[in-house]
Amino acid sequence: VTPSVIERLTAESSAVEALPPRLMFATAGPFVCWPVTQSIPAITWETSVAPWASASLMLTMRAPGVLDQLQLRACERLPPGPGEIEIEVEAAGLNFIDVMRALGIYPGAGDQPLVFGGECAGRISALGPDVHEFQVGQAVVAVMPFGSHASVVAVAAMQTFPVPDGMDLAQASTIPIA
């Protein structure tokens, strides 16, 4: 998503409801991120209730093909299972594979759910049973097959790594797939 696309989308928006401050868009280049302060017409809510207080929001599509079908969908927030951690996502990478999935041209996608993102960075909000190498509040980066474009994710602890010293979360979210 380029700055000109964001400017065009926000200029066209007449919606008053704002997205949660945690949700951000990033441009290409050296880790430029900014909070979204307006709803963007290309992304719609699946529910009319602001769901981010007790649920996770996930970027999804009902069917591939047209990018204006992207939706933020409220998903049930389940506690992490054995060997998992819950991360409150602050930054997530966007890769060409996500664009291919959205357009319906990713080979072998089949009946997989249309969710996006393979890496993210954020802070641990909960630990599952048997997880002792991390702490709640710790800054981490995680890798997963898909689904990191969400406000909260549960991921295997073995796919999660501490953010390197001196690196912010937006930078850290680019490490796994880079």
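Any read-out appearing in this document is the output of simple, stated calculations on the displayed coordinates, not a laboratory observation. Everything numeric here is computed off the predicted structure, so don't read it as measured data. Positions of Cβ are generated from backbone atoms using ideal geometry, with glycine treated the same way; all protein chains shown enter the neighbour counts.
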Bin width 10 Å, alpha-carbon pairs only: give the P(r) of region 96-138 as whole percents, running from 0 to the bin holding the largest distance. 22, 31, 21, 26, 0
At Arg62 and Gln159, where each label point lies 7 Å from the Cα along Cα→Cβ, what is the point-to-point distance in nanometres? 2.8 nm
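Can you give the extra length, in nm with one decimal, that the chain gains between Val99 and Ile175 once fully stretched, where that is 0.36 nm per residue apart less the Cα-Cα distance?
Details: separation 76, 0.36 × 76 = 27.36 nm, distance 1.90 nm.
Length difference between fully extended and current span is 25.5 nm.
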Please work out the Cα convex hull volume for region 104-178 and give it in Å³ per residue. 115 Å³
Approximate spin-label separation Val136-Met167, in nm, with each point projected 7 Å along Cα-to-Cβ: 2.7 nm
Protection proxy (average C-beta count within 10 Å per residue), highest first, orders 166-172, 89-95, 139-145 as 89-95, 139-145, 166-172
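Quick one, what does Rg over Rh come out to for region 51-178 if you take C-alpha atoms and the Kirkwood Rh?
Rg/Rh: 0.98.
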